[in-house]
Amino acid sequence: MSPDQQVCRLLFVHSDPALATRIRGMLGPLRDPFYKIAHFTHLCDALTYLRVSPVDVVLVGPDPVDDELLGAVRQLSADHPEVPVMALQVSPTRDEVDDLRQAGARECLPVDEFSAEIWTRTFDYCRREAAISHELASVTARLDWLVHMDSLTGLLNRKGMERAILDELARCRAANQDLLILLVDLDDFSRVNATLGHGVGDLVLVGAARRITESVREQDKVGRCG
């Protein structure tokens, strides 16, 4: 395998090793990408493997030893939503395909119709879709941070504090608990900016933010209103 060759890491969960051998025989000769296949008969072993090994696509079915197909798809999708799960079924009906997709499967492939071209195209589509979803999630998280966080101190900004207070109010009302809000002001801070410059003022704000954050509990929210 050349250093530039792409690798697609498949995890296959099924009770019959013979089916895994057939899939290896179909995908093994391919070199663009090169397929590395790990096979487990038990879902619990596959879940353990996923915790320690990166995987691009999970193939599950028709019948893992310790669970039924729908349950296995549901658990894999819930535990590892970043990895596309594809269900394998013998001549799946439309209703079965719909049920598997509702359980979290990206696609459903018939194991009685082996086609290297169709399977590899489906793998590639699911990998690209997962990559796009991951990138969108990263961009969304970054935008949320920019909207609700103060870039200088790393504290919540005014919008972030408004959202945090509303969330905490709802939580406290549901739990019949009190909510404490503490306002802190820096005495003579304008004089620091006027005499030492805004650069020093920024350092004071950063230092104050760090000390306040270190003085409260992990679940407490700290923000900059000014």
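The values are calculated or read from the model by the stated rules, or taken from the named source; none is laboratory data. Fair warning: this is a prediction, and the values are worked out from it, not measured in the lab. Here the Cβ positions follow ideal geometry from the backbone for every residue, glycine too, while neighbour counts run over all protein chains shown. The accessibility values were calculated without ligands, DNA or RNA, using every heavy atom of the protein model including side chains. Shrake-Rupley method; radii C 1.70, N 1.55, O 1.52, S 1.80 Å.
Observations on the model:
- Taking only protein heavy atoms and a 1.4 Å probe, the accessible area of segment 90-226 is 53% carbon and sulfur.
- Ranking 18, 111, 77 by Cα position along the charge dipole of the chain, where only Lys, Arg, Asp and Glu carry charges on their C-beta atoms, puts 77 farthest toward the positive end.
- Residues of segment 37-80 with amide N under 16 Å of a point placed 7 Å along Cα→Cβ from residue 21: 39-41
- Projecting the Cα positions of 169, 154, 125 onto the charge dipole of the chain (unit charges on Cβ atoms of Lys, Arg, Asp and Glu, taken about the Cα centre) puts 154 furthest along the positive direction.
- Under 5 Å between amide hydrogens, built in the peptide plane, is the criterion, and for residue 109 it picks out 87, 88, 89 among residues at least 5 positions away or on other chains.
- Cβ-defined net charge surrounding residue 17, 14 Å radius [Lys, Arg +1; Asp, Glu -1]: -1
- Taking every DSSP bridge with both residues inside the chain, close to 5 percent are antiparallel.
- Options 62, 143, 37, ranked by Cα towards positive dipole end of the chain, top entry (Cβ charges): 143
- Label separation (residue 49 vs residue 129): 2.3 nm, computed from points 7 Å beyond Cα along the C-beta direction.
- Dividing the C-alpha radius of gyration of the chain by 2.2 N^0.38 Å, with N its residue count, gives 1.51.
- Of the DSSP H helices in the chain, those whose Cα atoms cover at least 20 Å axially and whose Kyte score averages 0.0 or more: 198-215
- Charge dipole (Cα centre; +1 on Lys/Arg Cβ, -1 on Asp/Glu Cβ; no other charges) of the chain amounts to roughly 660 debye.
- Taking 0.36 nm per residue of sequence separation and removing the Cα-Cα distance, the residue 203/residue 220 pair yields an extension gain of 3.8 nm.
- Surface per residue (accessible, 1.4 Å probe) for segment 105-206, Å²: 73 Å²
- FRET efficiency for residue 114 and residue 42, using Cβ-Cβ distance with R0 set to 22 Å, rounded to 0.05: 0.35
- Solvent-accessible surface of segment 7-65, averaged per residue with a 1.4 angstrom probe and all protein chains in place: 45 square angstrom.
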